[in-house]
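Where a number appears in this text, it was derived from the coordinates with a stated rule and is not lab data. Treat the numbers as computed from the prediction; the structure is a model and nothing was measured. Reconstructed Cβ throughout: ideal geometry from the backbone, glycine too, with neighbour counts over all protein chains shown.
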Amino acid sequence: MAELNDKRIVLGVSGGIAAYKAAELARLLVKSGAVVDVVLTAGGAHFVTAATFQALTGRPVWTDLWDTHDRGMAHIDLTRGAAAVLVAPATADFMAKVAHGAADDLLTTLCLARDCPLLLAPAMNREMWDKPATRRNVTQLAADGATLLGPAKGEQACGETGAGRMLEAQQLFDALATFLQPKRLAGRRVLLTAGPTFEALDPVRGLTNSSSGRMGFALAQACSEAGADVTLVAGPVALPTPAGVLRIDVTSALEMRDAVNSALAGRHIFIAVAAVADYRPAQAIEHKIKKGAAGMTLELVANPDILAEVAARPDAPFCVGFAAESQKLPEFAEAKRRAKKLPLVVGNLVQDGLGGDSNVVTLFDDAGSHPLPPGDKLTIAREIVNHIVSMTSPCTE
Ligand code: C5P
């Protein structure tokens, strides 16, 4: 295996107990052919020594903003020509600094001065991960284009259990290798829908569902990472827009259909991930409905099927549908694929995917069914993109 042959990776190690996993990660990177420059913060050096990384990478380890080794300005030169900076572990403090553009040691300064992608593998106590300050910083980092790998949920070194565990070295290696894969959708224009829709009943109430939008946003990110030009029509969700993705916010199914139709021209691929409400109230009532009556009857009318309409066009792009079922997944997903005349359907059981961080999906196409390993939604999204690439012809424009 030489997936990262000749790629230079800057591996940042900040001060968390998960730093011990960074040693294994350095080993995996070197084994796959990468040249690894380790930058160790003062905190990181409390957990693992520079000598460990030096022995594993065969290269000098960088610890001080004022170190030069053979380089003039390490904080600039280290990232020039590098494929990526991966910081593992990325502590809460480190992420707070980078989110605010602070530059008070070599690793933070290098992140600010970098001209290559930044990947962060957060590692911290679950309370630290959940705090509003960390949430804000994570949202900001993602909005600024950083890619977050994990964290995982589970038992923590502090003895508590929750989200904040750093991913394992192998998982980080796999994620980086996928991230650095060739831009297999370069030149392709992709349109996606994501999230729920909200069908107004009156000015304050409406019909909606528990779709979080995460799977659709992850797919938009994966398409963008693969080099596609991506537009995402999003129902009402508060997720950050993936880097490089053009987002159009909508509320109802009818608005979503209009936005899709307006953005469809010239698209090569349409991926409908949104959990579109099948029905909407026959009339949206202008004023708030007052309580008092013993009961009420809602009259609903069917919404258009956005995906089926797009797939039925004579100039239809390559259409991908989602089938979230509560039972008989293969049967129902395949029936949906045939009814809507789709080359590819991504099926999952609602109990596995809706609203959560992870998913378990099976792909259905003319060749049969292809179960993917369970994983977080971004990993699965990248696999789905690989499958779409294998089913579509390369861009020749
Ligand atoms: O038929 P069902 O609603 O289960 O199909 C799900 C697939 O169809 C998803 O890809 C979803 O985004 C799409 N869909 C749509 N418009 C609708 C209903 C579903 O685009 N009104």
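Structural remarks
- Note, ³J(HN,Hα) from phi for the range 320-333, Karplus 6.51, -1.76, 1.60, rounded to Hz, x at Gly and Pro: 10, x, 10, 10, 9, 10, 9, 6, 6, 4, x, 5, 6, 5
- Between the C-alpha center of the range 321-367 and that of the range 138-182 there is a gap of 27 Å.
- Projected label points at E155 and S390, each 7 Å from Cα along the beta carbon direction, are separated by 3.6 nanometres.
- Formal net charge of residues neighbouring A316 (Cβ-Cβ distance under 12 Å; K, R +1; D, E -1): +2
- Computed FRET value (nearest 0.05) for A294 with D357, which takes r as the C-beta separation and R₀ as 45 Å: 0.60
- Linear extension gain, R205 paired with E255, 0.36 nm per residue minus alpha-carbon span: 16.3 nm
- Length added when fully stretched, A243-A45, from 0.36 nm per residue minus Cα-Cα: 68.1 nm
- Label-point gap, in nm, between A312 and A284 - each point 7 angstrom along Cα→Cβ: 2.4 nm
- Bridges between two residues of the chain, per DSSP, are antiparallel at a rate of about 30%.
- Separation between Cα centres of the range 37-61 and the range 215-246, rounded to whole Å: 36 Å
- Near-label residues of the range 118-136 by backbone N, under 17 Å of a point 7 Å along Cα→Cβ of Y20: 123-125
- Across every pair of non-identical alpha carbons in the range 189-391, the mean reciprocal distance, once inverted, gives a Kirkwood radius of 17.4 Å.
- Karplus-derived HN-Hα couplings along the range 118-124 (A = 6.51, B = -1.76, C = 1.60, θ = phi - 60°), whole Hz, x at Gly and Pro: 10, 10, 10, 10, x, 8, 5
- Residues whose amide H comes within less than 5 Å of that of A163, counting only those at least five positions distant or on another chain, are G154 (H built at 1.01 Å from N in the peptide plane).
- Candidates P151, T241, V276 compared by Cα position along the dipole of the chain: farthest toward the positive end lies V276, with charges placed on Cβ.
- Where only DSSP H runs of four or more residues are counted, the chain gives -9500 deg cm²/dmol as its mean residue ellipticity at 222 nm, each run worth -39500 (n - 2.57).
- Computed over all pairs of different Cα atoms, the Kirkwood value for the hydrodynamic radius of the chain is 22.8 Å.
- In this simple spin-label approximation, D130 and S369 carry label points 7 Å from Cα along the Cα→Cβ vector, and these lie 3.7 nm apart.
- Sequence-separation-based contact order of the chain, relative, with Cα cut under 8 Å and 6+ spacing, percent: 11 percent
- Couplings 3J(HN,Hα) for the range 269-276, derived from phi with the Karplus relation 6.51 cos²θ - 1.76 cosθ + 1.60 (θ = phi - 60°), are 9, 10, 10, 9, 9, 4, 8, 6 Hz, where x marks Gly and Pro.
- Residues of the range 87-103 with amide N under 20 Å of a point placed 7 Å along Cα→Cβ from D64: 103
- Descending by average beta-carbon neighbour count within 10 Å, the peptides 233-242, 166-175, 14-23 line up as 14-23, 166-175, 233-242, the highest first.
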